[in-house]
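Worksheet: the structure to be examined is printed underneath.
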Amino acid sequence: MPCPCHLENRRKYPCAGRSAQLVLSVFLFIVALGLTKDAVARIDTSSDSLSFGSVTAGTSLTQGVTLTNTGFRPETVSQATVTGAGFSISGPVLPLTLNRFDNATFNVEFAPAVGGSVTGTLSIVTNTWWNSTISISLSGTGVAQPTANLSPPSMTFASQALGSTSSAQAATLTNSGGTTLNITSIALTGANASDFAQTNTCGGSVAGGANCTISVTFTPAASGSRTASVSITDNASGSPQTVSLSGTGTGTATLVSLSPTSLAFGNQSLGTTSAAQALTLSNTGNAALSITSLALTGSNASDFAQTNTCGSSVAAGANCTIAVMFTPSVTGTEAASLSIADNATASPQTVSLSGTGTAALVSLSPTSLAFGNQSVGTTSAAQTLTLSNTGSAALSITSLALTGTNASDFAQTNTCGSSVAASANCTISVTFTPAASGSRTASVSITDNASGSPQTVSLSGTGTGTAALVSLSPTSLAFGNQAVDMTSTAQTVTLSNTGNAALSITSLALTGTNASDFDESDTCGSSLAAGANCTIAVMFTPSVTGTEAASVSISDNASGSPQTVSLSGAGTHDVILSWTASTTPGVVGYNVYRGTTSGGPYPTELNSSPINGTTYTDATAQAGQTYYYVVTAVASDDVTQSADSNQVSATVLSP
């Protein structure tokens, strides 16, 4: 009977233990083999190959490879090498031990020296028994840099008459590299660069293996040796590349140089003159420049003007200045030329001129406002009109006013200010308060710098019903300084009933803080007929020093009742002197003297120069003091004076 392979049956069946032991041993051996090959020793890489693509020769690109120990025991990396032109490796110091799950990165750099495809291998040696060398394939392509070759490297123009231009000589720029030659600039440089000129077919780039041509001419501005260079700035090594230029100027000539060669005046308001712009005319030749004419020509020549210091001749090596101004007569772009006719080559020389005439243009919307029926003495809702500047220059507003037969029946406020920018607008709000029944008309009038000024908006409305309307003129009275307890000259206010019904006056009184120091008399009575007026006369008799204020208050049946007139004045301790004019011939004025003792002396001369009149106010008098005054007549020599007049005295009251 076979022996069952169960450990728990070993005593019952003696063979069972041995059979189980044998099976377990075989199993452990197999497991050990598996662990040794698959897990105990294992190094993984992050990539099996590295492709660097295209890399320009002379530059480099770096990629990394990471080794990771995914086994169960430490592994040693003993060596890492690369093959293939342009490949190199860097990384940790070897030998390197990697414990379980440790990693290390090696950097591979591709730095091609020349163009072409390159392959290689990264080899990493470890102590893993079944795979001791890890190989990673490498590939990349070197792209040759652009190269700039110039042929010939120099140009010699030999002798050339001053002011004349040589035949062109050409240089070839060849890109023998594998990538595009990008050209930043091709320019003439050096001591006499302005004597040479160049044109080229190169543009901004030259493809690999292609070429372009640079053509140079020589126009000497002076005799003797003239040198310069063609300088090419690009992305090739050795930039900038140069072609040296040389030539010899011979003979005598006048040569004109203009700087600048054009003048742009930009925007200028119609009818206004721009600031002057200057250009310099230089004779760079070796003979005198004879100027036949210096004139403005072209479509809009009359809108430009010039002054100059050139005269009829400019010496060799000298210069002169031409100042140009622009005064546009039309809107839009204008152009002209300054033309100089002379004995230099290429005469006449020209300077192009340009500018733009601009103007403010006013548009009003709507062009009229109709308020319809409105009760006399009442104010309508506001109506708005828009003022737009549709021109190309700022609109300068001189005035914005109400005019016409019944202008006082209308009122306006606006957001326009003194200027409205081009393409901007502002609003004008108008109200209607009829002072009488019937048709009422006026206009909003805008005076400005636009054509058609003043622009107007007609206003109309109809006053309905009957009402008394009060108008006061003036609306305030200022009495200034007035000696205490002295009554001023009367000032008058006119009260007008501008309505179409009788004005019933309930009261006409003085009110306010200092009402008792003012007095009034009037011709108004208790009623004032429609269209009639009356006068109110007001006097000021200050009882104290200092500023005083009050009001005339009229209570009536008109809207806005009570109407008021503000009153103001100041009480002072001034002493007011007056005298009879002298009949003596040659008197030119008078001096006023003051003392504090009756009969003199009078030590204080109150005026600094003779008084041309017969009154004087002493504003320096002090309260509570008595003063004594005399007057003398002054002769024409401003020195000789008459004897003292009779003495007068004044006592200034205390406050």
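The values are calculated or read from the model by the stated rules, or taken from the named source; none is laboratory data. On a predicted model such as this, the values are computed, not experimentally measured, just so you know. Cβ atoms come from the backbone with ideal geometry, glycine included; neighbour counts cover every protein chain shown.
Results, tabulated for the structure shown:
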| quantity | calculated |
| --- | --- |
| Residues satisfying the stated conditions in segment 351-384, i.e. among the small types (Gly, Ala, Ser), in a loop (DSSP other than H, G, I, E, B) and in contact with a strand residue (DSSP E or B) (Cβ under 8 Å, 6 or more places away or on another chain) | Ala359, Ala360, Ser380, Ala381, Ala382 |
| Failed condition for Gly84, given (1) in a loop (DSSP other than H, G, I, E, B); (2) surrounded by 16 or more Cβ atoms within 10 Å (Cβ to Cβ); (3) touching a Phe, Trp or Tyr at 6+ places or on another chain (Cβ under 8 Å); (4) of a type outside the set (Ser, Thr, Tyr) | (3) |
| Sole exception among (1) hydroxyl-bearing (Ser, Thr, Tyr); (2) surrounded by fewer than 17 Cβ atoms within 10 Å (Cβ to Cβ); (3) farther than 21 Å from His573 by Cα for Thr632, by number | (2) |
| For Ala468: the one exception among (1) farther than 29 Å from Gly332 by Cβ; (2) at pLDDT below 90; (3) surrounded by fewer than 19 Cβ atoms within 10 Å (Cβ to Cβ); (4) in contact with a strand residue (DSSP E or B) (Cβ under 6 Å, 6 or more places away or on another chain) | (3) |
| Segment 497-512, residues that are crowded, with 16+ Cβ neighbours inside 10 Å and either at positive phi or at pLDDT 95 or above (or both) | Ile505, Leu508, Leu510, Gly512 |
| Residues satisfying the stated conditions in segment 165-206, i.e. farther than 29 Å from Ala346 by Cα, surrounded by 14 or more Cβ atoms within 10 Å (Cβ to Cβ) and among the small types (Gly, Ala, Ser) | Ser176, Gly177, Gly178, Ser205 |
| Options Thr345, Thr327, Thr358; residue that is under 28 Å from the mean Cα position of the chain (by Cα) and at pLDDT below 95 | Thr358 |
| Residue match in segment 594-607 (condition: touching a Leu at 6+ places or on another chain (Cβ under 7 Å), of a type outside the set (Asp, Glu) and in contact (Cβ under 8 Å) with a residue 40 or more places away in the chain) | no |
| Complete set of residues in segment 251-290 that are buried (at least 16 other Cβ atoms within 10 Å of the Cβ) and hydroxyl-bearing (Ser, Thr, Tyr) | Thr254, Ser257, Ser269, Ser274, Ser282, Thr284 |
| Tally, over segment 338-347, of residues that are surrounded by fewer than 19 Cβ atoms within 10 Å (Cβ to Cβ) and either free of Cβ contacts under 8 Å to residues at least 40 places away in the same chain or β-branched (Val, Ile, Thr) (or both) | 1 |
| Residue ranges of strands (runs of 3 or more DSSP E) in segment 386-458 with at least 1 members buried (at least 21 other Cβ atoms within 10 Å of the Cβ) and within 23 Å of the chain's Cα centre (by Cα) | 395-403 |
| Residue count, segment 508-532 (criterion: under 60 Å from the mean Cα position of the chain (by Cα) and in contact (Cβ under 8 Å) with a residue 60 or more places away in the chain) | 1 |
| Residue pairs meeting the criteria (Cβ under 9 Å; at least 6 apart or on separate chains; first in contact (Cβ under 8 Å) with a residue 12 or more places away in the chain and closer than 24 Å to Leu98 by Cβ, in segment 72-87; second of a type in the set (Asp, Glu) and not in a loop (DSSP other than H, G, I, E, B)) | Phe87/Glu109 |
| Residue within segment 557-566 that is part of a loop (DSSP other than H, G, I, E, B), modelled with pLDDT of 90 or more, in the same structural domain as Thr492 (by TED's automatic domain parsing) and over 27 Å from Ala490 (Cβ atoms) present | yes |
| Positions within segment 309-337 being touching a residue at least 60 places away in the same chain (Cβ under 8 Å) and under 15 Å from Leu296 (Cα atoms), in sequence order | Val324, Phe326, Pro328 |
| Residue, surrounded by the most Cβ atoms within 10 Å (Cβ to Cβ), within segment 608-627, restricted to residues that are over 60 Å from the mean Cα position of the chain (by Cα) and in contact (Cβ under 8 Å) with a residue 40 or more places away in the chain | Tyr627 |
| Residues within segment 87-108 that are surrounded by fewer than 16 Cβ atoms within 10 Å (Cβ to Cβ) and more than 14 Å from Ile43 (Cα to Cα), tallied | 7 |
